[in-house]
1. Find the relative contact order for region 40-129 and round it to a whole percent, using C-alpha pairs within less than 8 Å whose residues are 6+ positions apart.
2. In nm, to one decimal, how far is the Ile72 label point from the Ala197 one, both placed 7 Å along Cα→Cβ?
3. Can you pull the accessible area of Phe154 for me, 1.4 Å probe, Å² to the nearest 10?
4. If you filter region 29-72 for GluC sites (Glu not before Pro), then keep DSSP loop positions with at most 14 other Cβ within 10 Å, what is left?
5. Hey, for a label at Gln128 modelled as a point 7 Å past Cα toward Cβ, could you say which residues of region 152-181 have their backbone N under 16 Å away?
6. Quote to one decimal, in nm, the extra length available between Glu174 and Glu61 on full extension: 0.36 nm per residue of separation minus the C-alpha distance between them.
Amino acid sequence: MNRQRGPGAPHVVELLGASEEDADADGQAAARLVERLVAQLGQSGALRFTVLCTAEGPQAERLRALGAELVIVPMPDDPPWHAIQVLVGLIRSRDVDVLHAHLPGAHRLAGLAGRITGVPVLCTVQGQQIDMPDLEVHRMIGSQLSVVSEASYFHALGLGIAPERLGCDAFDAEADMAAQTASLQAIGQRLVGIAVAAAVAPAADPMGEAPSRGLAQARALVQPLQPQQALQPLQPLQPQRPAR
């Protein structure tokens, strides 16, 4: 197995929100896209990939054979706390640069972990329109969106999504190899651009606002207690003298 070790290459975590065997048409398209990204850009060393899958299976084995590290976590519509902890730990221990989500459950999980850690999120939306779950996550955490057709691109603009947070990266797994390669290179360039922008930008809220109290509390939950933050013993209360 050729483990991907591109020196200095951005580290991308692909979150695939459904197994290939159980997925609908959008899920199957997402599964094919992830596999081709790892094969094309991971094997060349342009990017380093870790893939989060919902279950073991033939696709998981193929991704391992291509050199991607795999982590199995559930990605239901309501992300479990365990999955959030796993992704946060992965981000911090492996110097992850970008989270690339596929399907709404994965987008929610990436959004929560991305906000806790400050890592940017790109979600590729399959289908001809932006559905409410993806729109909700985008509005809440400021994720980047990538759609696969002009119809879905204009639909996203009609919903008020800012053009600078939106891209159209069509990928057809049935197209000839030259067309597939061009599409995969475009997606790779978008991922690299997001990683570079995050590296040079100040640590701020992705929507350009001051960090919220809720975000600060969420980050504090996963920060180790520092020596200077250790709790001091309580001092006994001193009796108060009545005022004369």
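1. On the way: 107 pairs, mean separation 19.5, N = 90.
Relative CO of region 40-129 lands at 22 percent.
2. Placing both labels 7 Å along Cα→Cβ, they lie 3.6 nm apart.
3. Counting only protein heavy atoms, the figure is 130 Å².
4. Numbers: sites: Glu35, Glu56, Glu61, Glu69; in loops: Glu56.
Sparse-neighbourhood loop GluC sites (Glu not before Pro): Glu56.
5. Label zone hits: 152-156.
6. My answer for the length gained is 38.5 nm.
The values are calculated or read from the model by the stated rules, or taken from the named source; none is laboratory data. The structure presented is a predicted model; accordingly, all values stated were derived computationally and were not measured. FYI the Cβ positions are ideal-geometry reconstructions off the backbone, even for glycines, and counts take in every protein chain you see. Ligands, DNA and RNA are excluded from the accessible area calculation, which covers all protein heavy atoms including side chains. Shrake-Rupley method; radii C 1.70, N 1.55, O 1.52, S 1.80 Å.
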